[in-house]
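Written below as structure tokens is the structure these notes are about.
Taken together, the values in this text are just the output of simple stated rules run on the coordinates, not laboratory data. Not measured: the values here are computed from a predicted model. When we count neighbours, we look across all protein chains shown, and the Cβ atoms used for this are built from the backbone with ideal geometry, even at glycine.
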């Protein structure tokens with residue numbers, strides 16, 4: 001992919017477990033990297049969540065291969081959080097292709 005296609009700034013978060021002094025294990029997302037990505041729209045479907053109609057969008061995001069991606073990775077893009085559903089390496093262009101879905105805000 002051409003370098004100019006990576007026009008969207010994103011933040012990559014990983015889930016980190018921390019053991020407290022009392023033995024309790026807490027989990028939180030910690031910022032691992034700021035980078036840029038190419039984004040393509042995939043689908044949008046209507047679902048009902050907590051008696052509200054929501055439209056979680058799915059997107060294809062392409063990042064460079066130096067970005068660390070795992071099952072617990074979340075992406076922040078345009079002030080919204082997305083979970084990584086699936087990813088694969090694109091060896092031809094030295095990229096990682098992600099399929100992401102918006103995380104529903106539980107506080108709204």
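Based on the alpha-carbon gyration tensor of the range 12-102 and its eigenvalue square roots a ≥ b ≥ c, which shape applies: rounded if a/c is under 1.5, prolate if not and a/b is larger than b/c, or oblate? Intermediate results must be reported in sequence, preceding the final value.
Values: a/c = 2.45, a/b = 1.13, b/c = 2.17.
Oblate, since a/c reaches 1.5 and b/c is not below a/b.
Report the calculated FRET efficiency for residue 21 and residue 86 (r = Cβ-Cβ distance, R0 = 35 Å), to the nearest 0.05. The partial results should precede the final answer.
Working: r = 38 Å, r/R0 = 1.08.
The calculated FRET efficiency here is 0.40.
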